[in-house]
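J.: Below are the structure tokens for one structure; questions will follow.
The values are calculated or read from the model by the stated rules, or taken from the named source; none is laboratory data. Worth saying up front: this structure is predicted, and the values here are computed from it rather than measured. In this analysis, Cβ positions are derived from the backbone assuming ideal geometry, glycine residues included, and neighbour counts consider all displayed protein chains.
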Amino acid sequence: MEKIELKRVKDFSLPSGVLSAAVSPDARKAVVGCLHGVFRLDLETGNHEYLYQHGSYVSSVAWLTGETVVTAGYDGELCWFDLASNAVVRRSKVHDFWSWDMAVSPDQNLIASVTGQYMAGGYKYEPQPEREPSIRILSAKDGELVRSLSHVPSVQAVAISPDNKLVAAGNLMGEVRIYDLVDGSLVSKWTTPAFTSWGIIKSHCYLGGIFSMKFSSEGDQLLLAGMGPMRDPMAGNGKQLWQRWKWDGKNPELLDQTHQGDAGEGLMETLALAPDSSHFLMGGRLRGGDWNAALFDHKTGYRIASVKTGYRITEAVYHPDGKHVLLAGAKRQPTKKKEGKFQDFGRVEVYAF
Amino acid sequence: MVDAYQRGVQVQPLTESLQLMKSNPFNSNRTANDRTCGSDEHTVHRRLFLQGAMTAGAASTGSFSGLFSIPALGEVTRQTGKKCILLWLCGAPSQFETWDPKPGTETGGPFHAISTDLPGVQISSLMPRCATIMEKLAVIRSMKTEPGEHFQGIDVLTRGDKPRPPFTRPILGSVIAQQLGQLDSPVPQFVLLDPCPEGNEFKQFKAGNWAGWLGAEYGPIRAGGDYSIPNIERVNEISEADHQDREALRQFLSRKFENDHRSEAAASHNAAFNRVNGLMSCAPLFDLNQLPEKDRQRYGGGAFAQHALQARHLIENGSTFVMVANGMPWDNHVFQHEMHQMLVPELDNVLYQLITDLEDRGMLQDTLVIAMGEFGRTPWLNEARGRDHYPKAWSLAMAGGGIRGGVVHGATDPLGFEVVDGKVDNRNLFATIFKALGVDPHQEYELPGLPTFHRVEDDAQPIQEILV
């Protein structure tokens, strides 16, 4: 398998840690969601401009048609923003708890947002049933609620299929549910406990889960990312883990996963599939090992490129040309002010390959 | 000086355990006042208990329900001397996500602050239930301590001070059990409820010497989860008379050995045996399934919540100090917000249920409830979006016995980096706890071969603002 070199071509900092990002169709700018607000970032110059704030952290950003973006936050809101007029178009409260993740359908008609607060339901901290629908489907055009779907909290990752007909959502316990967006029926459901941890030491509770998911270009397979189990759920030292599942059948089948010797330790928070589906990128935090973002061949699962960024990656986005990828994340928050302000700790980089 | 209680004890022929104490070389170091809290109320209760024990001496105590079917004994055992429940939030919770939120600031985190029933006081939005009972709580927002690592922090915040080798300062529960406990009660006076067998630094701590110089009889009985108490099933194949004969023989031989050899090991063994013997009679207290289902649901399903309910039950039925821990789940270097979104609401509900429960049962006035960890968490987020250890400015809460509710003591700066008002350290805290429980905080001890020390060193003063 031919190795690829990832070459950093842009390196920008932002005032706040980045949790999410979207790249414009012309790849000249990005909108990034941070701990403390939403920013527009010029990918040529690195100039950034504060746009607006959610009531809490901004967990997701997606680019809609033209100059409109939509963001989701830990305040449970979706916010539509028009970049041309620099104005909030609409705010919609869709969850009582956080929006952990949001996805927009390829035809840009639907938005899926997932939520769920993990609350102790049993002696060993089995999750309580959901107290609100874990999956909300909204019209991207007007924000109207289209459908509410059920899952077990907390639901931390969501994806919409390439044909715009299915939504997949993954949770804390490694349970995946795929629903038909047209009639709301449950199409498939399985659990892959490799992504969750129950603490043998320190705490008898669950932690981890599926943190990112993407459909394959044909829609019959699903890529999942997160972290392998740990004895200590708080250590963050589980294996850097992806899995590829074929779900289009009665018995979902695990086709491939992180190869032996390919991974170190750390929570993987983001997946991105190349426009031509030839490879995918997984990124996150490095706890032990030599990379925290890596390209994998989609068919064989071989690692073909990797980088160690020195900060926690929370978002990976391919440019439309398929030859660049944006990585975003955060370093440690500064521990003191200098000249009356905290130094930047958000990071955005662009890599070419 | 010998107080009334001690005179009472000394004339009781059946108080063998106190006679045993006199022969224990460890106990010979105790000062007179060290054996009692000195409060009139408690003196009366203990004397009544002993009188009740004499009255009931011939009755069977083969089962817990049998024990309390004896009216005089049951009544006195349930009497409300000062008691304490410590919700030990091991691993150290974040003050930002509990008692000292900084909404809208760089350090505030993702959760909002909400108003409470105290005008102008806000706490984390993760604590809506506690927000309605703040008039019963005393919150300290100005804790400033030294240790920044768990083991040392746990040691200081459960014993009250740093180690002073070779002296091992007894843990709070041991002190309270010794000071306020009913020594002849079959109900364990100091109970640790913790289902997590491991827990890194807390595991080391749990394996250590809890009672220090007080002696093994003041160490905790441990229960919860995998720690069901073993060997407390009473053998049914032999008669009650045979049980009593065997026990008399065991006591005679072991005490003779202990006295002849001045054996600490034998003393510890005897203490353990006596406790197991007592446990046989109160095993139902440790069976969660015997608690009303509606209460169990009200407290919540997790182990911490269930054990908080069990703590109330134990206190109600004669225990003096119950420490409720759950491993060390609060140590969220990596999944700070993901864990706190679960842990804090559980704590919120547990505190609410426990305090309202104690109040409804007329027990709050005499039961001190403390919710604290070994330090706080950093204002800043680390690279993993977690919060690290931070002893410089953190929070805790107390309620009930001896504590004035509706008080928020101290303050931190707008970003939570420093204490700016009302600094409280571990000594001030322990002086407050002892004072609230009616125990002399500044009791002086004289241990042969060791420097003089005090229950709380350097005459550190309690926080008068939060004392009744």
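J.: Cβ-Cβ under 8 Å, sequence separation 6+ or interchain: first residue in region A:332-353 and modelled with pLDDT under 95, partner among the small types (G, A, S). Which pairs?
T.: A:F353/A:A305
J.: Next up: If you go through region A:229-280 one residue at a time, how many are small (G, A, S), within 14 Å of chain B (Cβ to nearest Cβ) and touching a residue at least 40 places away in the same chain (Cβ under 8 Å)?
T.: 3
J.: Answer yes if at least one residue in region B:145-157 is more than 24 Å from B:N426 (Cβ to Cβ) and buried (at least 21 other Cβ atoms within 10 Å of the Cβ), and no otherwise.
T.: So far as region B:145-157 goes, no, none of its residues is more than 24 Å from B:N426 (Cβ to Cβ) and buried (at least 21 other Cβ atoms within 10 Å of the Cβ).
J.: Could you pull out the residue among A:T300, A:T309, A:T258, A:T270 that is modelled with pLDDT of 95 or more and in contact with a Ser or Thr (Cβ under 6 Å, 6 or more places away or on another chain)?
T.: A:T270
J.: Out of the residues in region A:13-38 that are among the hydrophobic types (A, V, I, L, M, F, W, C) and over 18 Å from the mean Cα position of the chain (by Cα), which is nearest to the other protein chains (Cβ to nearest Cβ)?
T.: Among those residues, the one meeting the criterion is A:L14.
One line per residue, one yes/no per condition, for (1) under 19 Å from B:I114 (Cα atoms); (2) more than 14 Å from every other protein chain (Cβ to nearest Cβ); (3) among the aliphatic types (A, V, I, L, M):
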{"position": "B:M363", "(1), (2), (3)": "no, yes, yes"}
{"position": "B:T367", "(1), (2), (3)": "no, yes, no"}
{"position": "B:F375", "(1), (2), (3)": "no, yes, no"}
{"position": "B:D388", "(1), (2), (3)": "no, no, no"}
{"position": "B:A393", "(1), (2), (3)": "no, no, yes"}
{"position": "B:G416", "(1), (2), (3)": "yes, no, no"}
{"position": "B:L437", "(1), (2), (3)": "no, yes, yes"}
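J.: Name every residue in region B:139-181 that is assigned to a loop (DSSP other than H, G, I, E, B) and touching a Ser or Thr at 6+ places or on another chain (Cβ under 7 Å), in order of residue number.
T.: B:I171, B:G181
J.: Which condition does A:H54 not pass, out of (1) over 30 Å from A:S197 (Cα atoms); (2) of a type outside the set (A, V, I, L, M); (3) more than 14 Å from chain B (Cβ to nearest Cβ), if it passes all the others?
T.: (3)
J.: So, A:L295, is that one more than 14 Å from chain B (Cβ to nearest Cβ) and either touching a Gly at 6+ places or on another chain (Cβ under 7 Å) or not in a loop (DSSP other than H, G, I, E, B) (or both) or not?
T.: yes
J.: For region A:237-255, what are the residues that are surrounded by 19 or more Cβ atoms within 10 Å (Cβ to Cβ) and either in a strand (DSSP E or B) or in contact with a Leu (Cβ under 6 Å, 6 or more places away or on another chain) (or both)?
T.: Passing the criteria: A:K239, A:Q240, A:L241, A:W242, A:Q243, A:R244, A:W245, A:W247.
J.: Which one of the conditions (1) surrounded by fewer than 24 Cβ atoms within 10 Å (Cβ to Cβ); (2) at pLDDT 95 or above does B:G104 fail to meet, given that it meets all the rest?
T.: That leaves (2) as the condition not met.
J.: What residue, among those in region B:313-337 that are within 14 Å of chain A (Cβ to nearest Cβ) and in a helix (DSSP H, G or I), is surrounded by the most Cβ atoms within 10 Å (Cβ to Cβ)?
T.: Among them, the one singled out is B:Q336.
J.: When you go through A:Y206, A:Y179 one by one, which is the residue that is aromatic (F, W, Y) and within 14 Å of chain B (Cβ to nearest Cβ)?
T.: Every option except A:Y206 fails the conditions.
J.: Would you check if there is a residue in region B:373-382 being more than 30 Å from A:G346 (Cα to Cα) and either buried (at least 23 other Cβ atoms within 10 Å of the Cβ) or among the basic types (K, R) (or both)?
T.: yes
J.: Within region A:92-108, take every residue that is away from every other protein chain (no Cβ under 14 Å) and crowded, with 16+ Cβ neighbours inside 10 Å and give me the one that is farthest from B:A325 (Cα to Cα).
T.: The residue in question is A:Q108.
J.: Would you be able to say whether some residue in region A:85-97 is under 20 Å from A:A169 (Cα atoms) and either in contact with a helix residue (DSSP H, G or I) (Cβ under 9 Å, 6 or more places away or on another chain) or among the small types (G, A, S) (or both)?
T.: yes
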